[in-house]
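A short worksheet on the structure shown next.
The values are calculated or read from the model by the stated rules, or taken from the named source; none is laboratory data. Since the structure is predicted, the reported quantities are computational estimates derived from the model, not experimental observations. Backbone-built Cβ (ideal geometry, glycine too); neighbour counts: all protein chains shown. Protein only, heavy atoms only, side chains kept; ligands, DNA and RNA dropped before computing areas. Shrake-Rupley method; radii C 1.70, N 1.55, O 1.52, S 1.80 Å.
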Amino acid sequence: MNPYVLSTLLMGLGLGTTITFASSHWLLAWMGLEINTLAILPLMAHHHHPRAVEATTKYFLAQATAAAVLLFASTTNAWLTGQWEIQQMTHPLSVTLITAALALKVGLAPMHTWLPEVLQGLDLTTGLILSTWQKLAPFALLLQIQPSNSTTLILLGLTSTLVGGWGGLNQTQLRKILAYSSIAHLGWMILILQFSPTLTLLTLLTYFVMTLSAFLTFKLNKATTINSLATSWAKTPMLTALTPLVLLSLGGLPPLTGFMPKWLILQELTKQDLVPIATLAALTALLSLYFCLRLSYTMTLTMSPNNLAGTTPWRLPHTQHSLPLATTTTMTILLLPLTPTITTLLTL
């Protein structure tokens, strides 16, 4: 892609998210979300591959539907209460509709079906943008309205953690596995949103760091299926030794960074006398941990068939910068002891 076009599209992505962050009016927030969607569409389709075009079309339809529902809900709220302010979203019908629209935007279950299919059709770089940056604007709106409909949010959260764990079990494509992992993490964020917004923010940030690390690792190895991970030991032996820790952190295993938000969320849910929900959430986390273990096993304990197609990529030098990967991998593995510091900084 032409560098000027690429930089314009990336600036559009940044602008859309910034407008949504800065807006207190629903029309401005909607405009930011639309700019965001329109800026990423050319990035998704620029390979001109049928799968990429199909993924772009699915993404466009899902996002356009969510944006239309959001606009309808905000107009309904203005009609019923005379308020366009994001903070003044008080009518139950409007709040429920907006929550559903934003859930569709980020890919929460049961409105999640577009996410694995779309991610599968994209390259790893665009998939990374879709899994991280594109979640920011809808979450900013969710944090601002803080929906008071507790039952809806808890149901959305539990369904997402369950679907995210269950759906990833029988996948062989890495991008689909990461999509289901994303759905499960989003479920944890929504589960705690009404009780502790700062915990939702902490979970979102740790999810970003872990996902960035996983995507950059797969990009370096040019791996898109579980089987292709088995050749990574010959390309990058040191990274292959560390990647299982990254994947187990993504699954939420102590004593790694990924355990921190889950631990704090379970603690907060228990404080709110929601012990059955905390128990269910902890059990669904085991499903996610299982497929992360499966990836770790394939990467470190299996040997790839030594055929010509498998050996050729080993001899090609990689051109990816290693500093972002090194930074995110370190953060993904080692941040758990800093939990008190991080929680103190977030509550300031």
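If one takes the longest principal axis of the Cα atoms in the chain, at what angle in degrees, from 0 to 90 and to the nearest 10, does the Cα axis of helix 50-81 lie? Helix 50-81 sits roughly 20 degrees off the main axis of the chain.
Could you work out, for segment 187-328, what percent of all Cα-Cα pairs fall into each 10 Å distance bin, beginning at 0 Å and stopping at the bin that holds the largest distance? In order of increasing distance, the bins hold 11, 37, 27, 16, 7, 1 percent. Rounded to the nearest 10 degrees, the inclination of helix 26-45 to the longest alpha-carbon principal axis of the chain is 20 degrees. Close lysine pairs were tallied over the chain: pairs 8 or more places apart or on different chains with Cα atoms under 19 Å apart number 11.
Where the alpha-carbon atoms of segment 73-200 are placed on the principal axes, they occupy 50, 26, 24 Å, in descending order. The calculated Kirkwood hydrodynamic radius for segment 129-235 is 14.9 Å, given to one decimal from all distinct C-alpha pairs.
Overall, segment 1-138 carries a charge dipole of about 80 debye about its Cα centre when +1 sits on the Cβ of Lys and Arg and -1 on the Cβ of Asp and Glu, all other atoms neutral. With protein chains left intact and a 1.4 Å probe, residues in segment 166-229 average 28 Å² of accessible area per residue. Comparing Met303, Met260, Met89 in a Gaussian network model of the chain, where Cα atoms under 10 Å apart are tied by springs, the biggest mean-square fluctuation is seen for Met303. For segment 185-257, the calculated P(r) over all alpha carbon pairs, in 5 Å bins from 0 to the bin holding the longest distance, is 3, 15, 22, 21, 15, 11, 7, 5, 2, 0 percent. The alpha-carbon atoms of segment 1-138 define a convex hull whose volume equals 87 cubic angstrom per residue. On segment 1-138, 72 percent of the accessible area sits on carbon and sulfur atoms, based on a 1.4 Å probe. Report D for the chain in µm² per second (integer): Stokes-Einstein, Kirkwood Rh on Cα pairs, 4 °C, 1.567 mPa s. The estimated diffusion coefficient comes to 62 µm²/s.
If you fit an axis through the alpha-carbon atoms of helix 275-301 and take the longest principal axis of the Cα set of the chain, what angle between them do you get, 0 to 90°, nearest 10? With both axes taken from Cα atoms, the answer is about 30 degrees. In the context of the full set of protein chains, segment 1-138 has a per residue accessible area of 44 Å² (1.4 Å probe). When all alpha-carbon pairs of segment 94-138 are counted, what percent fall beyond 15 Å? Counting every Cα pair in segment 94-138, those more than 15 Å apart make up 46 percent.
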